[in-house]
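Laboratory data are not the source of any read-out in this text; all were calculated from the coordinates shown. None of these values were measured; they are calculated from a predicted model. Neighbour counts run over all protein chains shown; Cβ positions are idealised from the backbone, glycine included.
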Amino acid sequence: MSPTNVIVLGAGMVGTCTALHLQQRGHDVVLVDRRGPGEETSYGNAGIIQCEAVEPYPFPRSLSKLLRAAFKRGGDVNYHFSALPVIASHLARYWLHSGPARYPAIAQAYGRLSDQAIAEHTPLIDAAGAGDLVRREGYRWVFRDPASLETALRTAERVAPEHGLRHAALTPAELAQAEPALRQRLAGAIDWLDPWSVSDPGELVARYADLFVRRGGLIVRGDASTLRRGVTGWGVLTDEGAFSAEHAVVALGPWSDTLLKPLGYRVPLFVKRGYHRHYTGGTGPTRALLDMDRGLVIAPMKRGVRITTGAEFARRDAPSTPWQLTRAEAAARELIDLPTPVEHEPWRGARPCLPDMKPVIGQASRHHGLWFNFGHAHQGFTMGAISGRLLAELLNGDSPAVDPRPYSPSRFD
Ligand SMILES: Cc1cc2nc3c(=O)[nH]c(=O)nc-3n(C[C@H](O)[C@H](O)[C@H](O)COP(=O)(O)OP(=O)(O)OC[C@H]3O[C@@H](n4cnc5c(N)ncnc54)[C@H](O)[C@@H]3O)c2cc1C
């Protein structure tokens, strides 16, 4: 395709990488966000480029796990009763897609994106001069319960060779030696050696955005909801005036469905909200730890040790109910010293999720020049770079690096 103008709506990890890849293919790109780049979901995550996350989180199907979630026995899941009528149909489809008939194909499609995650972030990190933010030494799943360690090890041994991933099991003594800050002896750990972790996820997006500007791209503040179809393409109003282009890409993360509804697209997006808070003054872990039995991450970051929580099923904009963070703090304090919280109020964000657990990447079915790139759920920070490349290849008419059919927006028509 000959170079054209493109408006990319949303400057999170996904939109910023999309803008960079379109620009690389010669397109004239304007990146529009109502905030600065990387200040929403892409700011508040656990910062792990999770190439080991080759299978998405399925809806629990065993009775014991369902009861645990329903009665909020673990800290990993919370839900608002008031949200259930709104999201019930999405959850029912999520449950269906998590069954043995559909999940394996979904996991295969998911894995094709995570397999490329590191390779696609590498040139961007290098070109953006962001190597100082990235630790390339893997991260650690820690276990309190020997039975859950055994189950996870079996999964690791199945997926690692299929996806060319390296992992190592640590005994309780080896874990204690590797993590001197641990206050108690745990059942053991699995070290994933290939993932990377980022000390300031929002800053990585901001550096990618700086790279986009250095290469001639334009970033403007504006409200994506002003997007309108014109005679020759799409227009949006920004603080710097109106912009029009032949193509518009919706990369608004958890806000994408709000924009698309008036255009007639009923994408079944729902959110799994999450919280974080930083702590200073203690000795943190040597690398990011995922406490597999409590569903929280303890990640050493620039602002301190960041504790992130599991999934809260709620309306996207409902007031915060940081009960999970309270539980996560208590669980983390069993493991390490966390003397001083940095923020008064915890940060809250929303993972953009689809019932079939796959992102939506590709051209809208009923509008020429409208493109979607959102719905990356638990791994959008990981998959942003490869998703940006895939969208740019499709828009440009190139042969795509990954078979795009599983992510097609038309699956919801
Ligand atoms: C607690 C937690 C931990 C996580 N940990 C990880 C992890 O370790 N690894 C990983 O890979 N993923 C992780 N994730 C998931 C990951 O953060 C998300 O999948 C990813 O950030 C989504 O990126 P995005 O660009 O799609 O959305 P966002 O980063 O939210 O970007 C969307 C952008 O759209 C803009 N926007 C919205 N509405 C408008 C509007 N009307 N006008 C203009 N602009 C608008 C917003 O300002 C925002 O900048 C985690 C998520 C959470 C909540």
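Can you give me the Kirkwood hydrodynamic radius for the stretch 105-254, using every pair of distinct Cα atoms, in Å to one decimal?
19.4 Å
Please compute the alpha carbon radius of gyration of the stretch 294-372, then divide it by the globular-protein estimate 2.2 N^0.38 Å. Two decimals is fine.
Working it through for the stretch 294-372, the quotient is 1.51.
Assign one of three labels to the stretch 107-193, namely rounded, prolate or oblate, based on the Cα gyration tensor with a ≥ b ≥ c the square roots of its eigenvalues; rounded applies when a/c is under 1.5, prolate when it is not and a/b is larger than b/c, and oblate otherwise.
Since a/c reaches 1.5 but b/c is at least a/b, the shape of the stretch 107-193 is classed as oblate.
Taking the Cα centre of the chain as origin, work out the dipole magnitude from +1 charges on Lys and Arg Cβ and -1 charges on Asp and Glu Cβ, in debye rounded to 20.
1060 debye
Using the Cα centre as the reference, give the magnitude of the dipole from point charges on the C-beta atoms of the stretch 72-190 (Lys, Arg: +1; Asp, Glu: -1; all else neutral), rounded to the nearest 20 debye.
Its charge dipole is roughly 480 debye.
Between 0 and 90 degrees, rounded to the nearest ten: what's the tilt of helix 380-396 against the longest Cα principal axis of the chain?
Long axis of 380-396 versus the principal axis of the chain: about 20 degrees.
To the nearest 10 degrees, how steeply does helix 103-115 sit against the main Cα axis of the chain, on a 0 to 90 scale?
80 degrees
May I ask you to compute the full-extension gain from Arg61 to Asp413, defined as 0.36 nm times their residue separation minus their alpha-carbon distance, rounded to one decimal in nm?
124.0 nm
R0 = 22 Å: FRET efficiency of Thr326 with Phe71, Cβ-based, nearest 0.05?
The pair Thr326/Phe71 has a calculated efficiency of 0.80.
List, largest first, the extents of the alpha carbons of the stretch 142-210 along their principal axes, each in whole Å.
Dimensions of the stretch 142-210 along the principal axes of its Cα atoms: 46, 34, 17 Å.
Applying a 10 Å radius around every beta-carbon, put 342-355, 220-233, 302-315 in order of their mean neighbour count, most first.
Sorting 342-355, 220-233, 302-315 by mean packing, highest first, produces 302-315, 342-355, 220-233.
Pairs of Cα atoms under 8 Å, at least six residues apart: use those to get the relative contact order of the stretch 1-92, whole percent.
Computed value for the stretch 1-92: 21 percent relative contact order.
Under a Cβ-Cβ cut-off of 12 Å, what is the net charge of the residues other than Arg221 that fall near it, where Lys and Arg count +1 and Asp and Glu count -1?
-3
Among Ser114, Tyr139, Ala92, whose Cα projects farthest towards the positive end of the dipole of the stretch 89-145, with charges put on the beta-carbon of Lys, Arg (+1) and Asp, Glu (-1)?
Sorting the options by dipole projection puts first Ala92.
Only residues of the stretch 365-388 count here: report those whose backbone N is under 14 Å from the spot 7 Å along Cα→Cβ of Ala401, or say none.
Taking a point 7 Å out along Cα→Cβ of Ala401, the residues of the stretch 365-388 whose backbone N falls under 14 Å are 382-388.
Full-extension gain between Trp95 and Asp317, please, as 0.36 nm times their residue separation minus the C-alpha to C-alpha distance.
Using 0.36 nm per residue and subtracting the Cα-Cα distance, I get 77.5 nm.
Pop the C-beta distance of Leu153 and His80 into the FRET formula with R0 = 45 Å and round what comes out to the nearest 0.05.
Given R0 = 45 Å and the Cβ-Cβ separation, E is 0.80.
Could you work out how much longer the chain between Glu334 and Ala181 gets when fully extended? Use 0.36 nm per residue separation minus the Cα distance between them, nm to one decimal.
54.0 nm
Across the chain, what fraction of all alpha-carbon pairs, as a whole percent, falls in each successive 10 Å bin from zero upward?
Distribution as computed: 5, 23, 33, 26, 11, 2, 0 percent.
With everything on Cα atoms, drop me the angle between helix 117-128 and the longest principal axis of the chain, reported from 0 to 90° to the nearest 10.
70 degrees
Just list whichever of Lys261/Lys358; Lys72/Lys261; Lys302/Lys358 have alpha carbons separated by over 27 Å in the model shown.
Over 27 Å apart, Cα to Cα: Lys72/Lys261; Lys302/Lys358.
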